[in-house]
1. 7 Å from Cα along Cα→Cβ at both residue 103 and residue 79: what's the point-to-point distance in nm?
2. Select from region 28-132 those GluC sites (Glu not before Pro) which occupy a DSSP coil region and have at most 15 other Cβ atoms within 10 Å, ordered by residue number.
3. Run through region 37-96 and list the trypsin sites (Lys or Arg not before Pro) located in a DSSP loop whose Cβ has at most 11 other Cβ atoms within 10 Å.
4. Considering the values [x] 0.98; [y] 1.04; [z] 1.15, which represents Cα Rg over 2.2 N^0.38 Å as calculated for the structure under consideration?
5. Run the paramagnetic zone check for residue 166: 7 angstrom along Cα to Cβ, then residues of region 15-44 with backbone nitrogen under 11 Å.
6. With the crude spin-label approximation of a point 7 Å out along Cα→Cβ, what separation in nm comes out for residue 194 versus residue 123?
7. How about region 102-136: which trypsin sites (Lys or Arg not before Pro) there are in a DSSP loop, with at most 14 other Cβ atoms within 10 Å of their Cβ?
8. Can you list the aspartates and glutamates whose alpha carbon sits under 18 Å from that of residue 185, skipping same-chain ones fewer than 8 residues off?
Amino acid sequence: MAVNRSHEVEYCNLELRFDRRQIQSFIRELISEGYSLYWNESEHQFLISVRTGRKLLKLRFQRTRNRYKMVGNYIVRDERLAQWIERLINDSRGHAVVKRFKDRQVLIENIMFGEIIRLVEVSGMEHRIIFQKRPQITVEDMVQAFKSKRAELRAGVLRLEIDYELAVLHEALQLGRTEEAEASKKRLEGMRTEMLLLEL
């Protein structure tokens, strides 16, 4: 099978959480697939360096309490490794923005809780929304989040609300709906303040 030279995927705004066992399992699977890699760990992060051809891709996992969060933006030109990262996004029910570059076109996937909620095709100056799904936040989720004393749970729902509001703002700006865009910006400012308070 010929290698597709134009295959390139960029992973941005990753919000994936793992425990140590899952990272070790990921390392074992990559080794069994024939990848050359090494890793090191400090009290703040777990770093996996994977060799793909002549390049070295460094995957960073930041330690948060007794769990790890995958951070950073990654450009992957190895198709198999891209599939592994997508499996990580799916299995951890994570959030990400995935950009697929092919033949002068870019496909942008907004992924939330491991599921594509928005798919946009960009070709030159034109962009068209291929698919958009309204996030499924149940009333029960909202009540639980507001009742909960755990800031982490509220922060998770708040991130979802912010992502959704950003999509609303983007659409309002694209359609030139100034009043809607301004109202959306105000809502985002309130959410940003709440997120800052939760992170204190």
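Taken together, the values in this text are just the output of simple stated rules run on the coordinates, not laboratory data. Model, not experiment: these values are computed from the prediction. All Cβ positions, glycine included, derive from the backbone under ideal geometry; neighbour counts span all protein chains shown.
1. It works out to 1.4 nm between the two label points.
2. Values: sites: 29, 33, 41, 43, 79, 86, 109, 115, 121, 126; in loops: 33, 43.
Sites meeting the loop and neighbour criteria: 33, 43.
3. Details: sites: 51, 54, 55, 58, 60, 63, 65, 67, 69, 77, 80, 87, 93; in loops: 54, 65, 77, 93.
When the trypsin sites (Lys or Arg not before Pro) of region 37-96 are filtered for loop state and at most 11 Cβ neighbours within 10 Å, 54, 65 remain.
4. Computed from these coordinates, Cα Rg over 2.2 N^0.38 Å corresponds to label [z].
5. 15
6. Label at residue 194, label at residue 123, 4.0 nm between them.
7. Numbers: sites: 102, 104, 118, 128, 133; in loops: 104, 133.
Sites meeting the loop and neighbour criteria: 104, 133.
8. 161, 163, 165, 171, 194
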